[in-house]
Amino acid sequence: DAGVIQSPRHEVTEMGQEVTLRCKPISGHNSLFWYRQTMMRGLELLIYFNNNVPIDDSGMPEDRFSAKMPNASFSTLKIQPSEPRDSAVYFCASSLAGNSNQPQHFGDGTRLSIL
Amino acid sequence: DQQVKQNSPSLSVQEGRISILNCDYTNSMFDYFLWYKKYPAEGPTFLISISSIKDKNEDGRFTVFLNKSAKHLSLHIVPSQPGDSAVYFCAAQSDGNQFYFGTGTSLTVIP
């Protein structure tokens, strides 16, 4: 079974450039989450979607960050302009939301380095 | 503020012995708790979970214990194996979808 697919796996770019991270959730899952992993805060939730609708974006650091989910099989996280402090590993996860508790399934992440 | 805390950043255990990873939470509304395992350069993978109506859930070598009065859960791995060396995250969820993760504990199992 295909899991959550993220691209690119690695991204190195210069400060000020636009960065776009991509995610394909598991087919049939209706919730999608974007996380950033840092040493200090662990897995930090940035935003999550239910049925393609953003539910909570309070974790998005600032206006430079934006996320979209145009359909059930694709989401993007965009940083514009990027800054060195944005360097981190970004994870996408999906789950099947419903009446019973279901775990999230993670992609392998995008390691982002802003020079 | 961190609602889920893992106060031990690292743990070393001899192969064959028990590994105990701990997690504390602050929100009494959490009703679902999970442990994830993460290898380098990979995403976290789901390991085991427990509902707040239970105090123990076992799956092979892995057992999760929940103490609601203390707002504490733990993961026991018996016996520990070198392949268990990874970073372990605990997570909690209340009604709705949002999960709250701890900062992780790096487990090293020494052969």
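Quick notes on this structure:
- Hits in region B:38-48 - residues which are buried (at least 20 other Cβ atoms within 10 Å of the Cβ) and either touching a Ser or Thr at 6+ places or on another chain (Cβ under 8 Å) or charged (D, E, K, R) (or both): B:Lys38
- Candidates are the residues of region B:17-35 that are over 21 Å from B:Tyr100 (Cβ atoms) and aliphatic (A, V, I, L, M); the one that is surrounded by the most Cβ atoms within 10 Å (Cβ to Cβ) is B:Ile20.
- When residues of region B:59-111 are limited to those that are assigned to a strand (DSSP E or B) and small (Gly, Ala, Ser), the one farthest from the other protein chains (Cβ to nearest Cβ): B:Ser74
- Per the conditions (1) in contact (Cβ under 8 Å) with a residue 12 or more places away in the chain; (2) touching a Phe, Trp or Tyr at 6+ places or on another chain (Cβ under 7 Å); (3) surrounded by 15 or more Cβ atoms within 10 Å (Cβ to Cβ), the sole criterion not satisfied by B:Asp84 is (2).
- Among the strands (runs of 3 or more DSSP E) confined to region A:11-101, the ones with at least 1 residues that are within 20 Å of B:Gln93 (Cβ to Cβ) are located at A:31-38, A:42-50, A:53-56, A:88-95.
- Residue in region B:39-56 that is charged (D, E, K, R), at pLDDT 95 or above and more than 13 Å from the chain's Cα centre (by Cα) present: yes
- Scanning region B:1-16 for residues that are polar (S, T, N, Q), surrounded by 12 or more Cβ atoms within 10 Å (Cβ to Cβ) and not in a strand (DSSP E or B) turns up B:Gln2, B:Gln3, B:Gln6, B:Ser8.
- Failed condition for A:His29, given (1) over 14 Å from the mean Cα position of the chain (by Cα); (2) more than 14 Å from chain B (Cβ to nearest Cβ): (2)
- Residues that are over 12 Å from the mean Cα position of the chain (by Cα) and more than 14 Å from every other protein chain (Cβ to nearest Cβ) were ranked within region A:53-71; the one that is surrounded by the most Cβ atoms within 10 Å (Cβ to Cβ) is A:Arg64.
The values are calculated or read from the model by the stated rules, or taken from the named source; none is laboratory data. None of these values were measured; they are calculated from a predicted model. When we count neighbours, we look across all protein chains shown, and the Cβ atoms used for this are built from the backbone with ideal geometry, even at glycine.
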